[in-house]
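Undergrad: Below is a structure I'd like to ask you about.
The values are calculated or read from the model by the stated rules, or taken from the named source; none is laboratory data. Being a predicted model, the structure only gives us computed values, none of them experimental. Please note: Cβ atoms are built from the backbone with ideal geometry, for glycine as well, and neighbour counts cover all protein chains shown.
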Amino acid sequence: MISTPNRSTGLRLVFGFWFLISTPVFAATVVYDYTVGTAVPDGSIVGWSDTRAVSGLTGVIQAVEVSLNITGGYNGDLFAQLVHDSGYSVLLNRVGRRAGDGTGYADGGLNVVLADDHTSSGDIHTYRRVLFGNDTTSLGGPLSGRWSTDARTTDPALVIDTDSRTASLADFIGLDPNGNWTLFVADMDSGGQSTMQSWGLTLITAAVPESRTATLFFVSLSAVLLRRRRHS
């Protein structure tokens, strides 16, 4: 007797496909904190850098967060970037600089987490505008909270708030987390002394799904379809 395709076969195929695509991928979060306590050279493009090696992690990067604890100086003087492998992110680029104001915000100090996701308060370049609705109200202390990166790659001597933001932390997604991570900070204008107290990395990684899982699924699917074709 020749069997015919039935509804249950189709349901099994749908369930198999749903199971494949809905199987969660294991994710891990690792936090690194680095105590520094070093003055950033004032008014020098040479700046200061710190390279840290990460090893022993598996999978690829899904997200990156960076903490910065900087005291003193003027926030509007600072340029900061993070480099790893082929990834590059501009963390700070003369916050507050805009048309008509070439010095940026004069608040002193940052104790922030930079995360380019929905949990951030907004663009750190315009944090006064986010907090107070204007660019002229001073903080009266260091900036704190979660903010998205400046991400502007414009020359720090020319950058303004309307420049495109193209170098966020998303640039690290998909890379191997292992290897050197380098933070660079420069105080681009003289006056005031900024000190890098500490910084940190939060790396969220996920395992790469094994290709054989998908291969087995499609082999099984092909076999079922071939069987149905022979009996049709």
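Undergrad: Keeping to the stretch 82-117, report how many residues are more than 18 Å from Pro177 (Cβ to Cβ) and over 12 Å from the mean Cα position of the chain (by Cα).
TA: The total comes to 21.
Undergrad: Another question, if that's okay. Filter the stretch 82-106 for residues that are part of a loop (DSSP other than H, G, I, E, B), on the phi < 0 side of the Ramachandran plot, surrounded by fewer than 21 Cβ atoms within 10 Å (Cβ to Cβ) and not β-branched (Val, Ile, Thr) and give the result. Quick ask: steps written out before the conclusion?
TA: If we filter the stretch 82-106 for residues that are part of a loop (DSSP other than H, G, I, E, B), which is where we start, we get 85-86, 94-97, 99-100, 102-106.
Then drop every residue that is not on the phi < 0 side of the Ramachandran plot, which leaves 86, 95, 97, 99, 102-103, 105-106.
Subsequent filtering for residues that are surrounded by fewer than 21 Cβ atoms within 10 Å (Cβ to Cβ) retains 86, 99, 102-103, 106.
Residues satisfying the conditions are Ser86, Ala99, Gly102, Ala106.
Undergrad: Right, something else. Of the residues Ala223, Ala207, Ala214, Ala167, which single one is of a type in the set (A, V, I, L, M, F, W, C) and at pLDDT 95 or above? Talk me through it step by step, then tell me what you get.
TA: On the way: Ala223 fails: at pLDDT 95 or above; Ala207 fails: at pLDDT 95 or above; Ala214 fails: at pLDDT 95 or above.
Matching residue, one of Ala223, Ala207, Ala214, Ala167: Ala167.
Undergrad: Within the stretch 152-163, is even one residue out of contact with any Pro (no Cβ under 8 Å at 6 or more places or on another chain) and more than 16 Å from Leu78 (Cα to Cα)? Please lay out each step first, then the result.
TA: Within the stretch 152-163, the first condition is being out of contact with any Pro (no Cβ under 8 Å at 6 or more places or on another chain), and the residues that meet it are 152-163.
Then keep just the ones that are more than 16 Å from Leu78 (Cα to Cα); that gives 162-163.
Yes, there is a match, as at least one residue in the stretch 152-163 is out of contact with any Pro (no Cβ under 8 Å at 6 or more places or on another chain) and more than 16 Å from Leu78 (Cα to Cα).
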